[in-house]
1. Mind listing just one residue for me: the one in the stretch 66-110 that is under 20 Å from residue 143 (Cβ atoms) and among the hydrophobic types (A, V, I, L, M, F, W, C) and, of those, nearest to the chain's Cα centre (by Cα)?
2. With the requirement that a residue be over 16 Å from residue 38 (Cα atoms) and assigned to a strand (DSSP E or B), what does the stretch 66-84 give you?
3. Within the stretch 130-150, take every residue that is of a type in the set (S, T, N, Q) and open to solvent by 20 Å² or more (accessible area, probe 1.4 Å) and give me the one that is modelled with the highest pLDDT.
4. Identify, please: which residue in the stretch 29-43 is in a strand (DSSP E or B) and free of Cβ contacts under 8 Å to residues at least 40 places away in the same chain and is, among those, nearest to residue 70 (Cα to Cα)?
5. Among 118, 127, which is the only one that is open to solvent by less than 70 Å² (accessible area, probe 1.4 Å) and either in a strand (DSSP E or B) or among the aliphatic types (A, V, I, L, M) (or both)?
6. For the condition of a type in the set (Val, Ile, Thr) and in contact with a His (Cβ under 9 Å, 6 or more places away or on another chain), what is the one hit in 89, 97, 118?
7. For residue 147, which of the numbered conditions (1) in a strand (DSSP E or B); (2) farther than 21 Å from residue 44 by Cβ; (3) within 12 Å of the chain's Cα centre (by Cα) fails to hold?
8. Would you check which residues across the stretch 37-65 are under 19 Å from residue 128 (Cα atoms) and either crowded, with 17+ Cβ neighbours inside 10 Å or under 14 Å from the mean Cα position of the chain (by Cα) (or both) and list them?
Amino acid sequence: MKRVRGTLLLAAIAWVAGSVPAPAQIALTKNADLNFGSMVSGTSAGTVTVTSTGAVSSTGGVTLVPSTTAPADFTLSNGPAGGPHIYLIQLPSSVTITSGGNSMVVNNFDNTAPTLGIIANSSSRSIGVGATLNVGANQPSGTYTGTYLMMVAFL
């Protein structure tokens with residue numbers, strides 16, 4: 001059995017679309033990375049899921065090892081000018097994380113905020129992001145990292 005450390009480091013971008021009167025008032029800030037923690041891969045493939053609210057589970061041949069796990073955390077904020085805005089959140093269908101020449105796929109991204117919502121003036125909204133890590137049978141050990149794009153469009 002091999003110990004695998006799966007950490008997905010985040011890259012996020014706020015994409016402004018349409019006619020937003022004061023785009024400088026809108027911000028997307030990353031507060032914490034998505035962290036799958038440490039695990040041991042067995043002779044069969046499995047998954048590790050960290051939900052957007054922080055629940056952690058594993059399936060198949062993956063055994064979780066006591067370690068730090070966490071969903072990603074972002075703050076979406078709107079300044080006092082320009083009125084409330086409608087936003088749309090888009091997450092990727094999957095990304096690949098790597099450690100040297102080894103890789104794993106992360107998919108089934110979810111978030112705590114409504115995918116389509118309204119953010120009022122002078123307010124902010126916390127967005128938790130979770131996903132599923134697909135661990136191969138006898139996955140080589142290492143610290144796996146990668147990035148993904150979370151787009152927030154304002155309409």
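The values are calculated or read from the model by the stated rules, or taken from the named source; none is laboratory data. In this text the structure is predicted, and so the values were computed from the model without any measurement. Cβ coordinates were reconstructed from backbone atoms using ideal geometry, including for glycine residues, and neighbour counts include every protein chain displayed. We work out accessible area using only protein heavy atoms, side chains counted, and drop any ligands, DNA or RNA first. Shrake-Rupley method; radii C 1.70, N 1.55, O 1.52, S 1.80 Å.
1. Among those residues, the one meeting the criterion is 72.
2. Hits for the stretch 66-84 are 72, 73, 74, 75, 76, 77, 78.
3. Checking each candidate, the answer is 134.
4. Looking at residues that are in a strand (DSSP E or B) and free of Cβ contacts under 8 Å to residues at least 40 places away in the same chain, I get 35.
5. Unique residue meeting the criteria: 127.
6. Within the list 89, 97, 118, the selection yields 118.
7. Evaluating residue 147 over (1) in a strand (DSSP E or B); (2) farther than 21 Å from residue 44 by Cβ; (3) within 12 Å of the chain's Cα centre (by Cα) leaves (1) as the failure.
8. 37, 48, 49, 50, 51, 52, 53, 54, 55, 56, listed by residue number.
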